[in-house]
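Structure first, then comments.
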Amino acid sequence: MSGINYSEKIPNNVNIAGDRTLQRALEHWQPKFLGWWQALGPTDFQGADVYLRTAISVDAQGWAHYGAVKMPDYRWGIFLADPAAERKIGFGDQMGQPVWQQVPGEYRSTLRRLIVTQGDTEPASVEQQRLLGHTCPSMYDLRNLFQINVEEGRHLWAMVYLLHAYFGRDGREEAEELLARHSGDADKPRILTTFNEPISDWLSLFCFTYFTDRDGKYQLKSLSESAFDPLSRTCRFMLTEEAHHMFVGETGLGRVVKRTLEVMKQIGSDDPARVRAAGAVDLPTLQKYLNFWCSSSLDLFGSEISSNSAANFANGLKGRPDEDQYEDHVLREKTLSLVTPEGEQQVPMLNALNEVMRESYLKDCEIGLKRWNRQIERAGHPLRLTLPSTRFRRSIGAWAGKPVDPQGKIMEKELYEKTLTTWIPSASDRAFVHSLMQRVVEPGKMAGWIAPPERGVNNLPVEYEYVKLH
Ligand SMILES: [Fe+2]
Ligand SMILES: [Fe+2]
């Protein structure tokens, strides 16, 4: 069951060949996907041989098969985690009943919307990252970028499969739209704001993969709980790939901190101007990038008080990440106290689930910061990196547009606007970071602003030629 059939045009473990209508629909969409990849995927590297992992089965051993591949030849396919026998709905008002193998009519449009919203983020991030190959800090990093890109492409396949297989004609139309919207496009932007932010430097990429891919992890975890079993199985398998994207973010930022500390030691100063002059990212600038990407990603969880999230939970469409760690899976009796600009209020727990998810996401984000702060402390510096308050720079929910500092305190609007560029990257901060982005592609060499990784990919040395550029 868990093996993937590579003899077919579209590699899969869901027996597409047994469903002619579905096969035709997917084969019709495939050339459009490849056209999109050529037009909006990574620029200029389509002929390079990249050391990539491809899933050949969905069990623990088989999902990471390594070898040199040209990206347009990557075997994008449809892989669902193995079904759990006799799986029952794990939360909401229908808890304990068998999960659904088909979409119930009454939840059709809501489920389609959830799938489309998730699906839209996948190609969006490929579009956002398409120019980064030109300024990679090392060949190792270049390979990691491309690994993420092809996997986000496969995540799009995962969602398109669900649309084609379970949503008929509207599903096919939505699949076309997923290739028609583009990140940052004035007329047809991507659905969520964060996925329209340009990612034009590698510091932003590492922040994006640390914060925004981690939002992806939380969304996928909550969809893995879904009573709609094909969605649950799809998302469970996507999570194995997502872990690598966050690894790139966490180790990338850790390597930036390490290099900055080395430079501070060499020059015997923590003066940001001197650190910059020595070619490293000063820690206050790193803090601004963390503030920017963390606050932007916090919006992805939606409003603090949400009737949609209540309905999705009660109906069994979307659970909490790691639902079985909670005791109460119905939540009809519970409340949560929430602080909004209007003051503290008790909100039915069902309506506060976005906030519950946001809080557990932030705890997960803290892990990396603790590690980096230990490095900084060991080097004898007083500065500590922090995460901004969930009220800072929000565009969605109770705190949207409110003048709040990164610690969460409301301040005067005028002062807030004046101070904002001391909390998030200013134009000159961005210009400085851009000036560091010089391409380094000699195997084993690193740009001056980042430390080498601790180890290479799949037990290969860091000096391995991960991308053969020809
Ligand atoms: Fe993804
Ligand atoms: Fe991802």
(message) Testing the spin-label approximation: label points 7 Å from Cα along Cα→Cβ at Q101 and L469. State their distance in nm.
(response) 5.2
(request) With a/c under 1.5 counting as rounded, go ahead and sort the chain into rounded, prolate or oblate using the C-alpha gyration tensor (a ≥ b ≥ c being the square roots of the eigenvalues; past the cut-off, prolate if a/b is larger than b/c, else oblate). (result) oblate
(message) Using +1 at the C-beta of Lys and Arg and -1 at the C-beta of Asp and Glu, which of I410, V433, A85 has the Cα lying farthest in the positive direction of the dipole of the chain?
(response) V433
(request) Could you give me the percent of Cα pairs per 10 Å distance bin for the stretch 191-329, shortest bin first, beginning at zero and ending with the bin that holds the maximum distance? (result) 11, 31, 28, 17, 9, 3
(message) Give me, ordered by chain and number, the residues 5 or more places off N5 or on other chains with an amide H under 5 Å from its own placed amide H.
(response) N12, N13
(request) Let me know the shape class of the stretch 310-419, please: from the alpha-carbon gyration tensor, a ≥ b ≥ c as square roots of the eigenvalues, rounded when a/c is under 1.5, otherwise prolate if a/b is greater than b/c, or oblate. (result) oblate
(request) Take each of the peptides 24-30, 196-202, average the number of other beta-carbon atoms within 10 Å over its residues, and list them starting from the highest. (result) 196-202, 24-30
(message) List the residues, sorted by chain then number, that are 5 or more residues from Y66 or on another chain and whose placed amide H is less than 5 Å from its amide H.
(response) T54
(message) For W100, what residues show an amide H to amide H distance below 5 Å, using hydrogens built from the backbone and excluding near sequence neighbours?
(response) F228, D229
(message) Among Q375, Q94, F228, which residue has its Cα furthest toward the positive end of the charge dipole of the chain, with +1 on Lys/Arg Cβ and -1 on Asp/Glu Cβ?
(response) Q375
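Before I look further, what does the chain give for accessible area per residue, probe 1.4 Å, in whole square angstrom?
Value for the chain: 41 Å² per residue.
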(request) Sticking with the crude label model, points 7 Å out along Cα→Cβ, report the distance from H65 to A180 in nm, one decimal please. (result) 3.6
(message) Full-extension gain between N5 and R374, please, as 0.36 nm times their residue separation minus the C-alpha to C-alpha distance.
(response) 128.2 nm
(request) Using a 1.4 Å probe and counting only protein heavy atoms, arrange R172, R393 so the residue with the most accessible area comes first. (result) R172, R393
(message) Tell me the carbon and sulfur percent of the accessible area for the chain, rounded to whole percent, probe radius 1.4 Å.
(response) 50
(message) List residues of the stretch 102-126, by number, whose backbone nitrogen lies under 13 Å from a label position 7 Å along Cα→C-beta of T240.
(response) none
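Shape of the stretch 17-87 from its Cα gyration tensor (a ≥ b ≥ c, root eigenvalues): rounded if a/c is under 1.5, otherwise prolate when a/b > b/c, or oblate?
oblate
The values are calculated or read from the model by the stated rules, or taken from the named source; none is laboratory data. Just so it is clear, the structure is predicted and the values come from calculations on it, not from any experiment. In this analysis, Cβ positions are derived from the backbone assuming ideal geometry, glycine residues included, and neighbour counts consider all displayed protein chains. Quick note on the areas: whole protein, heavy atoms, side chains included, nothing else; ligands and nucleic acids left out. Shrake-Rupley method; radii C 1.70, N 1.55, O 1.52, S 1.80 Å.
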